Structure formats: C-alpha cells, structure tokens
1. Out of region 190-204, which residues are assigned to a helix (DSSP H, G or I), buried (at least 18 other Cβ atoms within 10 Å of the Cβ) and in contact (Cβ under 8 Å) with a residue 60 or more places away in the chain?
2. Which one of Ala62, Ala54 is in contact (Cβ under 8 Å) with a residue 60 or more places away in the chain and within 19 Å of Tyr143 (Cα to Cα)?
3. Regarding region 209-223, can at least one residue be identified that is of a type in the set (Val, Ile, Thr), in a helix (DSSP H, G or I), out of contact with any Ser or Thr (no Cβ under 8 Å at 6 or more places or on another chain) and closer than 23 Å to Asn36 by Cβ?
4. Hey, any hits in region 170-185 for a residue that's of a type in the set (Ser, Thr, Tyr), out of contact with any His (no Cβ under 6 Å at 6 or more places or on another chain) and within 18 Å of Asp44 (Cα to Cα)?
5. Quick one: which of Ile67, Ile19, Ile61, Ile101 is under 30 Å from Gln153 (Cβ atoms), of a type in the set (Val, Ile, Thr) and exposed (fewer than 13 other Cβ atoms within 10 Å of the Cβ)?
6. From the list Leu105, Leu88, which residue is touching a Leu at 6+ places or on another chain (Cβ under 9 Å) and more than 30 Å from Arg48 (Cα to Cα)?
Amino acid sequence: MTALPFTLLDWIAITIFIICWMVYSSVVDRVPSIRNRSVIAAMDEHRRRWMRAALLRDNRIADIAAIGNLMSTTSFLATTSILILGGLVAMMGAPDPARRIVAILPWTAVPDEVMWEIKIGLLVVIFINTFFELTWALRQFNYTSTLVMGMPQDPAAMDQADVAARLANRGAKHFNSGLRSYYFGMAALAWIIHPLALIIASLLVLRELHRREFRSAVRDALATREVG
C-alpha cells in the first residue's frame, strides 16, 4: 500500500482542521450545558413559541410564507453546493491549469498531482456532506409546512404544535450543519496554498463560529428576549 505523500506539517494541519470542525460541532450540538447557551438553542425556543402561536390563527398563510422563506434559502445553498461540486470535479479532471494558477500565488507550496487530488478530494467530500445536510433540512421544513396546515385551531392541541416545532428545529439543526460545512470548506480551500494556511483558516473559522453562536449581538438580543 502506497503511503500518503503528507509532510509532518500536512498531518498537523489536517489534524487541527478535523479537531476544529468535528470536536466543535460535537460539543456544541451534543453537550446540553453548552448548547443551551448558544443562539441555536435560543432560536429553538422561539420556533416552539411560533408553532404554539400558530394554533390560534385560522389563516396561516403568513406561517407558510415564513417556512417558504426558510426553504428557499436552504434550496439556494443546496443548489450552490452542487455547482461547487461540479467545479471541483472539473479541477480534478484537469488539474494542470488550476495548479498553474496556484503557482502564481506568493508563498504557495504547489502540490504534486497526487496531493492535488487529495486536497480537491477533501473539498469534494465536504461539499457532498453539505448537500446532504441542506437537502435533509429542506425536506424537514417541507414536512413542517404540512404539519402547520394540519394543526387544528385549538389552543389545547399543544402536542401537535410541539411536534411541528421539533421538526422545524431539526431542520434548523441540519441547516446550521450545512452552513458549518460551507465555512470549513472555505478553510479547506486554504490547504491548496499551504498547510500553514489551512491551520490559520481553521482557527479563524472556529473563532468566528464561536463568536456568532455564543458571543454575538444576535445571541445577546435573544437572551434578553428570553429573560423579558
């Protein structure tokens, strides 16, 4: 079996990249004490309130329109991920023009043909994951619209509203996972330039994700709303 043509710096860079993405996602999504402080958990509660309020409305056109907006955004990103995949496959099929462009950039470690395929292959895997996360989110938002239209106009039917809210929250979770794939896909792109660029990009993406999900003005506003 042929060994991977990785340098020590490549191994360090890809390890940091995996830790930044996988460990962060696992901790934020699966540790309740941490997740409950995130903007994601705050929005889960607001979606639950939304579905319960929808029980009191006879005309739910506005609710369906709001879900439609969620679906259109998700659909746009899923379609974009397919276009990105098409470009990446083209880069694998014709590597020489792209490698010549990379060689022009300063401080670039131009990969050989095998390393080029590995680096582009990583991007392909990332955006395949992105596509599956976003399309599953899209289907769950679609299911949510059906549940909303099927809910009775009865304040006592809280169990049905909670089911719709759980489904909407699951859709939002997978949408958020798809967005993270986009962020880390941008970080993985830096590996084409140099392993150090991958390390720096991974840490910057991690910092930005943490800031937006735990220390942003949006999170503060939602927390204030919860208290009020």
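Please treat every number below as a calculation from the coordinates, not as lab data. None of these values were measured; they are calculated from a predicted model. Cβ atoms come from the backbone with ideal geometry, glycine included; neighbour counts cover every protein chain shown.
1. Of everything in region 190-204, those that are assigned to a helix (DSSP H, G or I), buried (at least 18 other Cβ atoms within 10 Å of the Cβ) and in contact (Cβ under 8 Å) with a residue 60 or more places away in the chain turn out to be Trp191, Ile192, Pro195, Leu198, Ile199, Ser202.
2. Answer to the check: Ala54.
3. yes
4. yes
5. Ile61
6. Among Leu105, Leu88, only Leu88 is touching a Leu at 6+ places or on another chain (Cβ under 9 Å) and more than 30 Å from Arg48 (Cα to Cα).
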